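To start, the structure under review is shown below, and the notes come after it.
Every read-out reported here was derived from the displayed coordinates using simple, explicitly stated rules and does not represent laboratory data. A quick note: this is a predicted structure, and the numbers were derived from the prediction, not measured. Neighbour counts are summed over all protein chains in view; Cβ atoms, including those assigned to glycine, are modelled from backbone coordinates with ideal geometry.
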Amino acid sequence: MDTETLIQQLDGLGLGEIRYAEQISSTNEVGLTWLGQGAPDLSLVVADEQTAGRGRFDRRWVTRPGAALALSLILRPTQAEADRLRLFSALGAFGVADALEGLYGLAPQIKWPNDVLLNFHKVAGILVETAWIGDRIQGMVIGIGVNVNPGAVPPPEEVQFPATSVEEALGRAADRWQLLREMLARLVYWRGRVGSPEFYAAWEGRLAFRGEWVQIVSGYDTPGDLEGRIQGINPDGSLRLSDADGKERSVDIGDVHLRPARSK
Ligand code: BTN
């Protein structure tokens, strides 16, 4: 791949500027720097390999050459979007999930807030980072990493949650660039609908472990775990849980992740 070919591949999606690199530190890092230098809305950074890819909770995210999709989409939120920033964590997951279903007929789920699962194994992770000038948001970078072929899947001892790749779920080769195009098309579609009834319905429709008993764990694995049965998503993007007596409580998107727990 090269920048010119990628620009052609993504033609007609209404993106801003596009940068491609064979090797990069982290597309999010480069995206944030570019944002500060004036990157237009919907500009895109794509890399074949990352040497310092980052995940949520300061974890490392390894991207090996030829095996994955690693990209960062830069958004310059409107005022209406700035009022709903928390909901944008789901946007990248919507793009990935819709594309996997639309192109390959797979049945992806979203592990709240934004991991994409196939057959209860993580296939993609999303890291949203924001840049502020005082209390005004300058922009946001939606970083997406997708395990496309089995070479992208880290060994079990290196992951918090079992992982898989698109090709393992599909049982055949997948075209990374076709997948990228479809993901971005779907993401742009959903961007215009963040916070709409359709948006919440889609999120809840794809919600992994809905109706099941889960544990909410601090991302940094500090004590204070919380358990409950997943009921759905609140309008602010928080997760609605009920306890054993049916009493409801909400968990904010933040420094937490969830894992299945033994049913109560
Ligand atoms: C996670 O599940 O912890 C989030 C992983 C996000 C990885 C992507 S790969 C492209 C972008 N650049 C990065 O450095 N991270 C994100």
Practice item. Report yes if D115 is more than 23 Å from A173 (Cβ to Cβ), among the acidic types (D, E), in contact with a Phe, Trp or Tyr (Cβ under 9 Å, 6 or more places away or on another chain) and surrounded by fewer than 19 Cβ atoms within 10 Å (Cβ to Cβ), otherwise no. Key: no
Review point. Within the stretch 110-121, is there a residue that is assigned to a loop (DSSP other than H, G, I, E, B), closer than 13 Å to A208 by Cβ, more than 16 Å from the ligand (Cβ to nearest atom) and touching a residue at least 12 places away in the same chain (Cβ under 8 Å)?
Key: yes
**Study point:** Top-ranked residue of the stretch 41-53 - restricted to ones that are surrounded by fewer than 21 Cβ atoms within 10 Å (Cβ to Cβ) and not hydroxyl-bearing (S, T, Y), ranked as nearest to D2 (Cα to Cα)
**Key:** D48
Review point. Considering the stretch 122-163 alone, what residues qualify as being farther than 19 Å from R176 by Cα, among the hydrophobic types (A, V, I, L, M, F, W, C) and without any contact (Cβ under 8 Å) to a residue 60 or more places away in the chain?
Key: V128, W132, I133, V159
Practice item. Could you grab me the full set of residues in the stretch 24-40 that are crowded, with 17+ Cβ neighbours inside 10 Å and either more than 12 Å from the ligand (Cβ to nearest atom) or under 10 Å from L71 (Cβ atoms) (or both)? Key: T27, N28, G31, W34, L35, A39
Practice item. Kindly indicate which of T63, T5 is within 20 Å of P162 (Cβ to Cβ) and among the polar types (S, T, N, Q). Key: T63
Check your understanding: Here are V96, V128: which of them is assigned to a strand (DSSP E or B), crowded, with 16+ Cβ neighbours inside 10 Å and either within 15 Å of the ligand (Cβ to nearest atom) or of a type in the set (D, E) (or both)?
Key -> V128
Practice item. Return the total of residues in the stretch 41-69 being polar (S, T, N, Q) and more than 8 Å from the ligand (Cβ to nearest atom). Key: 2
Review point. So which of L73, L6, L15 ends up being in contact (Cβ under 8 Å) with a residue 24 or more places away in the chain and over 24 Å from V123 (Cα atoms)?
Key: L15
Revision key, fill the gap. Only one of R193, R186, R172 is in contact (Cβ under 8 Å) with a residue 12 or more places away in the chain and of a type in the set (K, R), namely R186
